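Throughout, read-outs are computed from the coordinates displayed, never taken from laboratory work. Everything numeric in this text was worked out from a predicted model, so none of it was measured. Virtual Cβ from ideal backbone geometry, glycine too; neighbours counted across all protein chains shown.
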Amino acid sequence: MIDWLKNINKDYPEFWKQYLSKFEKKSNRFVVLSTETTGLDANSDVILSIGAIAIENNTILIGDVFEVVLLQYIYNHDHGISNEFIIESKQPKSLEPQAIQGFVEYLGNSVLIGHRIDFDVEVINKALEKLKCGRLKNEALDIEVMYRKWKELSDGKEFSLDELSELFKIETSDRVSASEDAYTIALLFLKLKSRLGIN
C-alpha cells in the first residue's frame, strides 16, 4: 500500500491529511522558501517569518506568494528578545500553528527550493511536530548545492546568498525580509536550473 494512504487515516489534523493526499502525482510547481529564525538550532530556535514565492514554467509568479510574521511573543519574552520586529513589520502576522498550516496549504506537493534548504525544512518540521503532524514530504533542491554541481566543486566551500547573488550579478542591497530573500533565491534558481539543464 502507498505510504501516504497508510498515513492518511492516522489521527492527523485535517489540513495535514489534505496535504498528504496531494502526492499521488508529481507537481510542476516550485516553491522557493526562506525563513528567518531566532538562531541556527532547529531544536531550540523558532521561526520569526516565512517568505515563499512560486515558480511555474520558468516564470516567477509575483502574485503567487506566501508571507507571514510569526507572533513568537512567549519565546521572545523567555529569551529577552525585543518584539519590535514583530510590531514594526508590515507583513501579515499570525500565531505559529496558523502560520505553519497556511504554509503547508500553500506548498502542497510543490518542489521546494532554498538556500541551505535543509535547515528551513527542519525548522518547519519542528513546528509541525508541535501540531502532531509528520514531516514535509516535498522534494527539495538547494541553490548552493546546484552551484557547486555546476562548477564541479568538491571542496565543501560554502557560498552565502550575497556571494551567489554577486556571482550572478543580482542586486541584493535592499533585501530586508524572508520574502525578498525568497525572490533572490528564485532568480538564482532559474539561472542555475538553466545552466544545469534541469527541466
Selection count where residues are small (Gly, Ala, Ser) and assigned to a helix (DSSP H, G or I), scope segment 89-147: 3
Lone qualifier among Leu192, Leu196 - being over 27 Å from Asp41 (Cβ atoms), touching a residue at least 12 places away in the same chain (Cβ under 8 Å), surrounded by fewer than 16 Cβ atoms within 10 Å (Cβ to Cβ) and among the hydrophobic types (A, V, I, L, M, F, W, C): Leu196
Top-ranked residue in segment 148-187 [being under 21 Å from the mean Cα position of the chain (by Cα), of a type in the set (Gly, Ala, Ser) and in a loop (DSSP other than H, G, I, E, B); ranked as surrounded by the most Cβ atoms within 10 Å (Cβ to Cβ)]: Ser177
